[in-house]
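Below: one structure, written as structure tokens.
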Amino acid sequence: MSSDVNLNSLTAQGLSSVAFLYLLTSMTAQRAFSSTALTTQDTFSLYKDEIPVLKYSIYAYLPVAVINCLIATLVAAELLESLKWIKKLTLDKDLEKQSPTKMKFARLFVWVASVAVTSLFDNVLTVISAAGSLFTPLVGFIIPLVYFYTYHLSRETGQLTKTRTIADGVFLIIVFVSMYVGIKNIAAGKYE
């Protein structure tokens, strides 16, 4: 890797690109069908009569969802552990360093909390939609953006330009609109 690569910029661009592409795809799927349609339409059962194997394709997708859930849980737990007040909770009082046991319990707690949220729903499509509408935008865009701004504001680096702030504001509006539409569809029972 070249030493002149700005890793902060590269990471921010990569995460922003992934979040933007996800949100674009999410909004496309949310808007593809009329909200007044009487029957529920989802990508797994859309062509189940014409191509029966697609009806069961959800079972091929589920391992990916489980792996993504575990990875997102690990990333979320590590982000939380970097916060000072949570880091204090995982400190080993005697050694003045992070306790591996406390860190494992903290990560287990984050995972149990995410599983508990999914147990509120009867339909796997509702769970997948909730993950896509809530957790992916949080982990993929909002949390990294908060860390970026808190880092640069606390250190007064001068890298927060007006253009960057406006672009991030526009992306945040898109993210919150996408999250709102997803949550509204879940609350309306669109996936049940």
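The values are calculated or read from the model by the stated rules, or taken from the named source; none is laboratory data. The structure presented is a predicted model; accordingly, all values stated were derived computationally and were not measured. Virtual Cβ from ideal backbone geometry, glycine too; neighbours counted across all protein chains shown.
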**Request:** Among the candidates Ala19, Ala29, single out the residue that is among the small types (Gly, Ala, Ser) and either at pLDDT 75 or above or more than 27 Å from Tyr149 (Cα to Cα) (or both).
**Result:** Ala29
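Being surrounded by 11 or more Cβ atoms within 10 Å (Cβ to Cβ) and farther than 30 Å from Ser16 by Cβ is true for just one of Ser119, Ser133, Ser99. Which residue is that?
Working: Ser119 fails: surrounded by 11 or more Cβ atoms within 10 Å (Cβ to Cβ); Ser133 fails: farther than 30 Å from Ser16 by Cβ.
It is Ser99.
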**Fill in**
How many residues of the stretch 33-64 are part of a helix (DSSP H, G or I) and either at pLDDT below 70 or more than 25 Å from the chain's Cα centre (by Cα) (or both)? The answer is 5
**Check on Tyr147, over 25 Å from Tyr61 (Cβ atoms), without any contact (Cβ under 8 Å) to a residue 12 or more places away in the chain and among the aromatic types (Phe, Trp, Tyr)** = no
**Prompt:** What are the residues in the stretch 135-165 that are part of a helix (DSSP H, G or I), closer than 20 Å to Gly14 by Cα and among the hydrophobic types (A, V, I, L, M, F, W, C), if any?
**Reply:** Phe135, Leu138, Val139, Phe141, Ile142, Ile143, Leu145, Val146, Phe148
**Request:** State all residues of the stretch 141-168 that are exposed (fewer than 10 other Cβ atoms within 10 Å of the Cβ) and within 21 Å of Phe20 (Cβ to Cβ); if no residue qualifies, say none.
**Result:** Thr161, Lys162, Thr163
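Conditions tested, residue by residue: (1) within 17 Å of the chain's Cα centre (by Cα); (2) modelled with pLDDT under 75.
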site: Arg107; (1), (2): yes, no
site: Val110; (1), (2): yes, no
site: Ala113; (1), (2): yes, no
site: Val117; (1), (2): yes, yes
site: Ile143; (1), (2): yes, no
site: Tyr149; (1), (2): no, no
site: Arg155; (1), (2): no, no
site: Asn185; (1), (2): no, no
